[in-house]
Amino acid sequence: MLRDPSAKYQPFPLIDLPDRRWPSQSLSVAPLWCSVDLRDGNQALAVPMNVGQKLEMFDALVKCGFKEIEVGFPSASNTEFAFNRRLIEEGRIPEDVTIQCLVQAREDLIEKTVQSLMGAKQVIIHMYNSTSPAQRKHVFGMTKEQIVGVAVRGAQMIQDRIHRLEESGTRVMLQYSPESFSATEVAFAKEISEAVMAVWKPTPERKMILNLPDTVEVAMPNVYADQIEWICRNITNRESLIVSLHTHNDRGTGTAATELGLLAGADRVEGTLFGNGERTGNLDIVQVAMNLYMHGISPGLDFSDMNRLIQMYERTTGMTVAPRHPYSGELVFTAFSGSHQDAIKKGLAGYEKERGIWDVPYLTIDPKDLGREYREVIRVNSQSGKGGIAYMLESEYDIELPKDMQREFGPLANDLVDGLGREVTAAELKAMFWKEYIERTTPWALHHFHADGVDGVFTCRCSLVANGEERGITGKGNGPIAAFVDALIQDGGVPAFEVTTFREQSLSAGTEASALAYVQIKRGDGKTVWGAGVDTNIELASIKAVVSAVNRAG
Ligand code: KIV
Ligand code: ZN
């Protein structure tokens, strides 16, 4: 990298719009959406989709609720042309869905595009030509007037042909993109757009789409918003236009640029699922839609089955969704940090009680709204706290560790996870718990236990194996646990202790039902230790929990 990048790069000039209005606007309704997955997304794939894959994606886009879908560039290849024909001839396009096709301002390409659309109910013909100074200079070697001439001639060629579609019953809408708009002088973008408008003659009743692409992000999103507001305020006949945004993500601000562009007055948004597209990608339309949703604005798109949508996307495009991709990534509803896990756990519990406005810390939306499960929310690694560990045991295995026991088991589990050096599964966590508490059979292992009570005084007789030797011990108390504690201390020689907490829960329903008992004991030196036991008999589960605590107390 250069020590002085200004020798090679310069900031993009600001737009002269001192009374800009977009900063004080807010969004209250969703824009019109147009998916460009099958065109802009597809053309960016190392191996573009075949007809079968495009059909699968088309159906998925329809299911999400897209009403405008750019299906391709039919003049560019036989596959693209064939895809249009399949869609139309097999009646695959729902009544309320409009297909859109991209074309350059060239006669042969326009002719082919029109042919590919014959028989469709409603279509958008989308013509573009590049307008930025760099394109004019390096790519076309044309003056501004010549570039306007290209657009006007292309617009006229389309105008001359659409009657063929209209006469056969197709409703046609026209769209123009001054490609590389964001790098174009706004005054020239206005001039060329108005020149196209002069040919197509849109009216408020029969609007045309003016798509203003951020083909390559060259500035901060506020500059794009200024460009959009400038055009919206200065272009003639604004009321006959649907102003459309089409952002890419070169500076990582495609979503921000789109949102600010909407504040600046645009009506429509083009983008792709998960942001597939040239270079850094197109706008991820899911993000803008979900950002509206999380503000309580219905986006008019439905991503309830996010996992399935991702599978379809990965299957058809060969691309992957990054784990931390907003809303769709595998890890976006997952917290590893202990304090986050604790807050989420409390927030979810609070939300479950009140069911009002979503206010769960660290989760911008309810994962359930995207078909994700709560149990995906918390995963455990060495950074996790007791809250996450307890949540995982409870949500996966119904093991409800008493609060104080969580404080004991949390650090123990953390050390074990740290030793593994990776994330652990719920099954591994349960195995750790079992090994630490349930399977503690040294020095004492319970063989047999029996207790009888007469007038509130219980006598227990039990046999235990201690260091390989079987021993029978007896004791008395005001309950079976107290009698067993008495037997251990008086007869078994275990240093004095008392039971300070006892909790039990059932683990599963049906004949296999077992009980899980938790016992906290306090040794003579004041130290507390937890134990746990499992048995189909609740009394035996609690006695085993005492043995577990005694064994752990050492
Ligand atoms: O990014 C772009 O400018 C485009 C146009 C063809 C709309 O994809
Ligand atoms: Zn694009």
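The values are calculated or read from the model by the stated rules, or taken from the named source; none is laboratory data. Note that the structure is predicted; figures quoted are calculated from it, not measured. Neighbour counts run over all protein chains shown; Cβ positions are idealised from the backbone, glycine included. Accessible surface areas use protein heavy atoms only, side chains included; no ligands, DNA or RNA. Shrake-Rupley method; radii C 1.70, N 1.55, O 1.52, S 1.80 Å.
So for region 285-298 (the condition being within 16 Å of ligand 2 (Cβ to nearest atom), modelled with pLDDT of 95 or more and crowded, with 24+ Cβ neighbours inside 10 Å), does at least one residue qualify?
yes
For region 12-38, which residues satisfy the criterion of being charged (D, E, K, R) and either more than 24 Å from Asn291 (Cβ to Cβ) or more than 16 Å from ligand 1 (Cβ to nearest atom) (or both)?
To start, the set of residues in region 12-38 that are charged (D, E, K, R) comprises 16, 19-21, 37.
Within region 12-38, Asp16, Asp19, Arg20, Arg21 meet the criteria.
Would you mind finding the one in Ala445, Ala427 that is of a type in the set (Gly, Ala, Ser), outside any strand (DSSP E or B) and open to solvent by less than 90 Å² (accessible area, probe 1.4 Å)?
Values: Ala445 fails: outside any strand (DSSP E or B).
The unique qualifying residue is Ala427.
On the basis of being surrounded by 21 or more Cβ atoms within 10 Å (Cβ to Cβ) and either more than 16 Å from ligand 2 (Cβ to nearest atom) or assigned by TED's automatic domain parsing to the domain that holds Cys64 (or both), does Asn282 make the cut? Walk me through how you get there before you give the answer.
Numbers: surrounded by 21 or more Cβ atoms within 10 Å (Cβ to Cβ): yes; either more than 16 Å from ligand 2 (Cβ to nearest atom) or assigned by TED's automatic domain parsing to the domain that holds Cys64 (or both): yes.
It is true that Asn282 is surrounded by 21 or more Cβ atoms within 10 Å (Cβ to Cβ) and either more than 16 Å from ligand 2 (Cβ to nearest atom) or assigned by TED's automatic domain parsing to the domain that holds Cys64 (or both).
Quick check on region 44-52. Is at least one of its residues in a loop (DSSP other than H, G, I, E, B), surrounded by fewer than 11 Cβ atoms within 10 Å (Cβ to Cβ), at pLDDT 95 or above and under 35 Å from the mean Cα position of the chain (by Cα)?
So far as region 44-52 goes, no, none of its residues is in a loop (DSSP other than H, G, I, E, B), surrounded by fewer than 11 Cβ atoms within 10 Å (Cβ to Cβ), at pLDDT 95 or above and under 35 Å from the mean Cα position of the chain (by Cα).
Residue under question is Met173, and the condition is that it be away from ligand 2 (no atom under 16 Å from the Cβ) and either open to solvent by 40 Å² or more (accessible area, probe 1.4 Å) or at pLDDT below 95 (or both); does it hold?
On the way: away from ligand 2 (no atom under 16 Å from the Cβ): yes; either open to solvent by 40 Å² or more (accessible area, probe 1.4 Å) or at pLDDT below 95 (or both): yes.
When the stated conditions are applied, Met173 passes them.
If a residue has to be more than 30 Å from Pro13 (Cα to Cα) and among the aromatic types (Phe, Trp, Tyr) to count, how many in region 124-170 make the cut?
0
Taking the options Arg324, Arg251, name whichever one is without any contact (Cβ under 8 Å) to a residue 24 or more places away in the chain and of a type in the set (Lys, Arg).
Exactly one of Arg324, Arg251 is without any contact (Cβ under 8 Å) to a residue 24 or more places away in the chain and of a type in the set (Lys, Arg), namely Arg324.
Of the residues that make up region 20-39, is at least one small (Gly, Ala, Ser), closer than 24 Å to Val218 by Cβ, without any contact (Cβ under 8 Å) to a residue 60 or more places away in the chain and open to solvent by 40 Å² or more (accessible area, probe 1.4 Å)? It would help to see each step written out before you state the result.
Pass one, region 20-39, residues small (Gly, Ala, Ser): 24, 26, 28, 30, 35.
Now restrict to residues that are closer than 24 Å to Val218 by Cβ: none.
Looking for residues that are small (Gly, Ala, Ser), closer than 24 Å to Val218 by Cβ, without any contact (Cβ under 8 Å) to a residue 60 or more places away in the chain and open to solvent by 40 Å² or more (accessible area, probe 1.4 Å), one finds none in region 20-39, hence no.
Looking at region 100-119, which of its residues are in contact with a strand residue (DSSP E or B) (Cβ under 8 Å, 6 or more places away or on another chain), of a type in the set (A, V, I, L, M, F, W, C) and more than 16 Å from ligand 2 (Cβ to nearest atom)?
Within region 100-119, Ala105, Leu109, Ile110, Val114, Leu117 meet the criteria.
What residue, of Gly254, Gly338, is crowded, with 23+ Cβ neighbours inside 10 Å, of a type outside the set (A, V, I, L, M, F, W, C) and touching a helix residue (DSSP H, G or I) at 6+ places or on another chain (Cβ under 8 Å)?
Gly254
Return a yes/no flag: does region 53-66 have any residue that is within 22 Å of the chain's Cα centre (by Cα), assigned to a loop (DSSP other than H, G, I, E, B) and away from ligand 1 (no atom under 16 Å from the Cβ).
yes
Here is a check on your reading of the model: is Ile192 in contact (Cβ under 8 Å) with a residue 60 or more places away in the chain, more than 16 Å from ligand 2 (Cβ to nearest atom) and either at negative phi or surrounded by fewer than 23 Cβ atoms within 10 Å (Cβ to Cβ) (or both)?
Yes; evaluated as a whole, the condition is true for this residue.
Is it the case that Val223 is within 24 Å of the chain's Cα centre (by Cα), more than 14 Å from ligand 2 (Cβ to nearest atom) and either farther than 30 Å from Asp366 by Cα or not charged (D, E, K, R) (or both)? Let's see the steps before the verdict.
On the way: within 24 Å of the chain's Cα centre (by Cα): no; more than 14 Å from ligand 2 (Cβ to nearest atom): yes; either farther than 30 Å from Asp366 by Cα or not charged (D, E, K, R) (or both): yes.
It is false that Val223 is within 24 Å of the chain's Cα centre (by Cα), more than 14 Å from ligand 2 (Cβ to nearest atom) and either farther than 30 Å from Asp366 by Cα or not charged (D, E, K, R) (or both).
Which is away from ligand 2 (no atom under 16 Å from the Cβ) and closer than 25 Å to Gly254 by Cβ, of Met208, Met197? First the steps, then the outcome.
On the way: Met197 fails: closer than 25 Å to Gly254 by Cβ.
Among Met208, Met197, only Met208 is away from ligand 2 (no atom under 16 Å from the Cβ) and closer than 25 Å to Gly254 by Cβ.
Looking at region 223-246, which of its residues are open to solvent by 20 Å² or more (accessible area, probe 1.4 Å) and more than 23 Å from Val36 (Cβ to Cβ)?
Within region 223-246, Trp230, Arg233, Asn234, Thr236, Asn237, Arg238, Glu239 meet the criteria.
Those residues that are over 21 Å from Ala46 (Cβ atoms), in contact with a Leu (Cβ under 6 Å, 6 or more places away or on another chain) and surrounded by 14 or more Cβ atoms within 10 Å (Cβ to Cβ), I need them from region 304-332; list them, please.
Within region 304-332, just Met306 meets the criteria.
State which residue is nearest to Ile242 (Cα to Cα) when the search covers only region 209-222 and only residues that are surrounded by 20 or more Cβ atoms within 10 Å (Cβ to Cβ) and more than 13 Å from ligand 1 (Cβ to nearest atom).
Checking each candidate, the answer is Pro221.
Out of the residues in region 128-161 that are assigned to a helix (DSSP H, G or I), farther than 30 Å from Met118 by Cβ and free of Cβ contacts under 8 Å to residues at least 40 places away in the same chain, state the one that is farthest from ligand 1 (Cβ to nearest atom).
Glu145
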